[in-house]
Amino acid sequence: MARLLLTTTDYSRLRKSALRAQLYGQATMPLVTALLDSVNAATVIEPSDMPPDVVTMNSVVRIRYVHENRRQDIRLVYPEVADVRQHFISILTPMALSLLGRKVGDTLFLDAYPCTVPICIEQIVYQPETAESYCL
């Protein structure tokens, strides 16, 4: 996969979230390490330069579970506003981390013991950068 594309705002906030999670044990170390590695290796751009088909923080993404042909809209959020009932999924979960930086049309494979679940990104319903909402 190509290097992660992040906005300047997301880069800063994701680093802080990962370091806070590391300090306070708010997520498993492999997940925190994966987030930090991705963020540290990312290409950082201005929010106005973000392509509209890239999943960013606070994006609402329509995913399809390939084998079930079931769709679900989820929002990638920072840990402090995560709420599974509202489908606000923390970046400190495997699903959100796998989606971040991906594009519409990408298929990814989530480990869901005892199997792997293929999901496809069908649509970005809302992307803050496209909507010029830079302060989420």
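The values are calculated or read from the model by the stated rules, or taken from the named source; none is laboratory data. Because the structure is a prediction, the values reported are computed rather than measured. Cβ: placed from backbone, ideal geometry, glycine included. Neighbour counts: every protein chain shown.
Here is a check on your reading of the model: is VAL117 touching a Phe, Trp or Tyr at 6+ places or on another chain (Cβ under 9 Å) and either in contact (Cβ under 8 Å) with a residue 24 or more places away in the chain or among the basic types (Lys, Arg) (or both)?
yes
Based on what the data block shows, is VAL32 at pLDDT 95 or above and either at positive phi or of a type outside the set (S, T, N, Q) (or both)?
Here the answer is no, as VAL32 does not meet what is asked.
Which one is farthest from LEU5 (Cα to Cα), of the residues in the stretch 103-121 that are at pLDDT 95 or above and part of a loop (DSSP other than H, G, I, E, B)?
Only one residue tops the list, namely GLY105.
So that you can scan it fast, the table gives a plain yes or no per residue for (1) at pLDDT 90 or above; (2) in contact with a Leu (Cβ under 8 Å, 6 or more places away or on another chain):
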residue	(1), (2)
LEU6	yes, yes
LEU14	yes, yes
SER17	yes, yes
THR28	no, no
ASP37	yes, no
ALA42	yes, yes
MET50	yes, yes
VAL55	yes, yes
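Go through the stretch 1-100 and tell me which helices (runs of 4 or more DSSP H), entirely inside it, have 2 or more residues that are touching a Pro at 6+ places or on another chain (Cβ under 8 Å) and either farther than 15 Å from GLU129 by Cβ or in contact (Cβ under 8 Å) with a residue 40 or more places away in the chain (or both).
Correct list: 8-24.
Return the residues of the stretch 37-63 that are buried (at least 17 other Cβ atoms within 10 Å of the Cβ) and touching a helix residue (DSSP H, G or I) at 6+ places or on another chain (Cβ under 7 Å); say none if nothing qualifies.
VAL39, ALA42, PRO47, VAL55, THR56, MET57, VAL61
Quick one: count up the residues across the stretch 64-81 that are within 26 Å of GLN22 (Cα to Cα) and out of contact with any helix residue (DSSP H, G or I) (no Cβ under 9 Å at 6 or more places or on another chain).
1
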